[in-house]
Amino acid sequence: MIKESDWNERYHRPRRRRRRRGCLTRLVTTVLVLGLLVGWFWWQQNGLSSETITVSSAPDGFAGYRIAVVSDLHAKEFGEGNRVLLDYVRDLEPDLVAVVGDILHEPDQMSMIPAVAKGLAAIAPTYYVTGNHEWAIGEVPKLKEILAANGVTVLSNQFVTLERNGDAIVLAGIDDPNGYADQKTPEELAAEVYAAHGDPFWILLAHRNNRFASQYSLLGADLVCSGHAHGGIIRLPFTDGLVSHDLDLFPSYTAGLYAENGSVLFVTRGLGNSGPSFRVFNRPEVAVVTLRRAAD
């Protein structure tokens, strides 16, 4: 006859051990999955990415000209002093760096600007236009002064001529609509470009992607470079982003190339976030726009 103590020893205790092993396995699996999800989410916010976009019809002398488009940093730091970001941009080997607004988010972030400005300007000639956030915090005059002192050319409703291999193009930049009420309009700037250069190949730097169809595409610029959209924040298949930072569902003109009225828009997904936001399937981006000849 089997005693009750023998029965417990033979059957009950091993079952408890098996249950403990099963609980431990599930715990380890859960921790690993959570760790992978946290790592993936961190990578979505901090893992730099790039793509090369080709735009045709440039003059022969500018064939192969590379423009790194930087936008919406919002004072985010990729490594100390943004060294990771600067090294990344350098490795892209741009001929020009276009910073198209929202470089910071709050007034107390101004201290990070000199390192970024000086670092970008050391890589290639760097041009900057304001975004809506710089005007919202009321620091535009000070910001422009710091950028200029560290080698960045600020385009405030202005244009410059770029020359290469015997050819010339025009680079123009406009302040964000959040700027001064009496500032020069994009239409007035375009008229000045045509008065000075006839019918040139010209590029417009303008922060707001959502003004392209209704306004910027009508100016006649061959290429417009913008940011502002943050890639639609959450990018899902068959969408141009799930939600804008203005909380509009399924926004348009959020990333990549678009064409309207004979003009081409390139929108970068940008680098940072504004406010309590995040990115999903939408890693920070420094894209390169490469110019090609019309015949290529």
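The values are calculated or read from the model by the stated rules, or taken from the named source; none is laboratory data. Everything numeric in this text was worked out from a predicted model, so none of it was measured. Neighbour counts run over all protein chains shown; Cβ positions are idealised from the backbone, glycine included. Heads up: the accessible areas ignore ligands, DNA and RNA and are worked out on the full protein's heavy atoms, side chains in. Shrake-Rupley method; radii C 1.70, N 1.55, O 1.52, S 1.80 Å.
The fraction of accessible area contributed by carbon and sulfur in the chain is 55 percent, rounded to a whole number (1.4 Å probe; ligands and nucleic acids excluded). When +1 charges are put on Lys and Arg Cβ atoms and -1 charges on Asp and Glu Cβ atoms, the dipole computed for the chain relative to its Cα centre reaches about 2880 debye. Bridges between two residues of segment 173-296, per DSSP, are antiparallel at a rate of about 40%.
For the set Thr153, Thr130, the ranking by accessible area, highest first and with no ligand, DNA or RNA atoms included, is Thr153, Thr130 under a 1.4 Å probe. Working from label points 7 Å from Cα in the Cα-to-Cβ sense, the Val160 to Phe250 distance is 4.2 nm. Computed with every protein chain present, the accessible area of Val84 is close to 80 Å² [probe 1.4 Å]. Three semi-axes describe the equivalent ellipsoid of segment 16-173; taken as square roots of 5 times the Cα gyration tensor eigenvalues and ordered largest first, they are 43, 21, 12 Å. Applying the criteria of a DSSP loop state and at most 14 other Cβ atoms within 10 Å to the GluC sites (Glu not before Pro) of segment 20-110 yields Glu51.
If you wrap the Cα atoms of the chain in a convex hull and average its projected area over all directions, you get 22.3 nm².
Remark: segment 216-227, residue by residue, has Karplus-estimated 3J(HN,Hα) of 5, 5, 8, 7, x, 5, 6, 9, 10, 10, 9, x Hz, where x stands for each Gly or Pro and the curve is 6.51 cos²θ - 1.76 cosθ + 1.60 at θ = phi - 60°. Size check on segment 151-253: the Cα extents along the three principal axes, sorted descending, read 44, 36, 31 Å. For segment 249-295, the alpha-carbon radius of gyration amounts to 1.45 times the rule-of-thumb value 2.2 N^0.38 Å expected for a compact globular protein. Accessible area ranking (1.4 Å probe, heavy atoms, ligands and nucleic acids excluded), largest first, for Ser277, Ser57: Ser57, Ser277.
Can you give the log10 of the normalised intensity I(q)/I(0) at q = 0.13, 0.14, 0.21, 0.25 Å⁻¹, computed with Debye over equal Cα scatterers of segment 49-131? Taking Cα atoms of segment 49-131 as identical point scatterers yields -0.43, -0.49, -1.01, -1.34. When exposed loop sites are taken as chymotrypsin sites (Phe, Trp or Tyr not before Pro) in a DSSP loop with at most 16 other Cβ atoms within 10 Å, the longest stretch of the chain clear of them is 1-179. To the nearest 10, the accessible area of Lys118 is 130 Å² with a 1.4 Å probe. The orientation-averaged shadow of the Cα convex hull for segment 84-170, equal to a quarter of the hull surface, comes to 6.1 nm². Solvent-accessible surface of the chain, averaged per residue with a 1.4 angstrom probe and all protein chains in place: 49 square angstrom. With all pairs of different C-alpha atoms in the average, the Kirkwood value for the hydrodynamic radius of segment 215-269 is 11.5 Å. About the centre of its Cα atoms, segment 157-296 shows a dipole size close to 620 debye [charges on the beta carbon of Lys, Arg (+1) and Asp, Glu (-1) only; nearest 20 debye]. Sorting 92-98, 241-247 by average packing, meaning the other beta carbons within 10 Å per residue, from highest down gives 92-98, 241-247. For the chain, lysine pairs with C-alpha atoms less than 21 angstrom apart, excluding pairs fewer than eight positions apart on the same chain, total 7.
Along segment 85-91 the Karplus relation, 6.51 cos²θ - 1.76 cosθ + 1.60 evaluated at θ = phi - 60°, assigns HN-Hα couplings of 5, 5, 5, 5, 5, 4, 5 Hz to successive residues, with x for each Gly and Pro. Here the translational diffusion coefficient of segment 18-89 follows from Stokes-Einstein with Rh set to the Kirkwood radius across Cα pairs; for 25 °C and 0.890 mPa s it amounts to 146 µm²/s.
Highest GNM mean-square fluctuation among Arg21, Arg283, Arg235, for the chain modelled with Cα contacts below 10 Å: Arg21.
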